[in-house]
Amino acid sequence: MKLVLALLAGVVFGTGIALSGMMDPAKVLNFFDLAGSWDPSLAFVMGGALIVAAIGYRLVWRRKAPLFGGRFQVPTGTDIDMKLVGGSALFGIGWGIAGFCPGAAIPALGTGRWEVALFLVSVTLGFWLRRILAPLGRPRAAS
């Protein structure tokens, strides 16, 4: 049942991305082009998503536990460190250059555009490279 609900949530997300036009990187890039062909529609999409999420959270937190899980899994970390800042900056730079965020690029695969596939391959390689390089940056334990 969890997988069916996850699939349903993905279909709803993908449909929303498609209907809002956020699969078109030009629409996203125009949001960042304040001096040129600025398109504020991304702000309205984000605002709508925030409203839906706020209502959803209010409803969900009334429950003692999730419908299909033992307990709520809420992050406890509150530190703002270089990994968080660097990752956020890298995400924003990639979004600004490509016009895709990973979440919107997945449903955009259905358009058959090679740019979308290249973007997702690049994101996947970045994740893979991070996993390989992360242990190299850790301090070694004293022997």
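Figures for the structure shown
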read-out	value
Choice from Ala98, Ala108, Ala53 with maximal GNM fluctuation in the chain (Cα, 10 Å cutoff)	Ala53
Estimated FRET transfer efficiency when R0 is 25 angstrom, pair Leu133-Ala26 (beta carbons, to 0.05)	0.15
Accessible-area composition of region 29-119, carbon plus sulfur, in percent [1.4 Å probe]	70
Computed [θ] at 222 nm, helices only, for the chain once each DSSP H run of length n ≥ 4 contributes -39500 (n - 2.57)	-21000 deg cm²/dmol
The chain: relative contact order as a whole-number percent, Cα under 8 Å and 6+ apart	26
Gyration tensor (alpha-carbon) shape descriptor, region 14-143, a/c threshold 1.5	oblate
Most mobile of Leu120, Leu42, Leu19 in a GNM of the chain (Cα contacts under 10 Å)	Leu19
Calculated FRET efficiency for the pair Phe68/Met46, C-beta based, R₀ 41 Å, to 0.05	0.90
Sequence-distant lysines (8 or more away, or on other chains) whose Cα lies within less than 26 Å of Lys2	Lys64
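The values are calculated or read from the model by the stated rules, or taken from the named source; none is laboratory data. Nothing here was measured: the structure is a model prediction, and the numbers come from that model. As a convention, Cβ positions derive from the backbone with ideal geometry for all residues, glycine included, and neighbour counts pool all protein chains shown. Ligands, DNA and RNA are stripped out before the accessible areas are found, and what is left, the full protein with its side chains, is counted by its heavy atoms. Shrake-Rupley method; radii C 1.70, N 1.55, O 1.52, S 1.80 Å.
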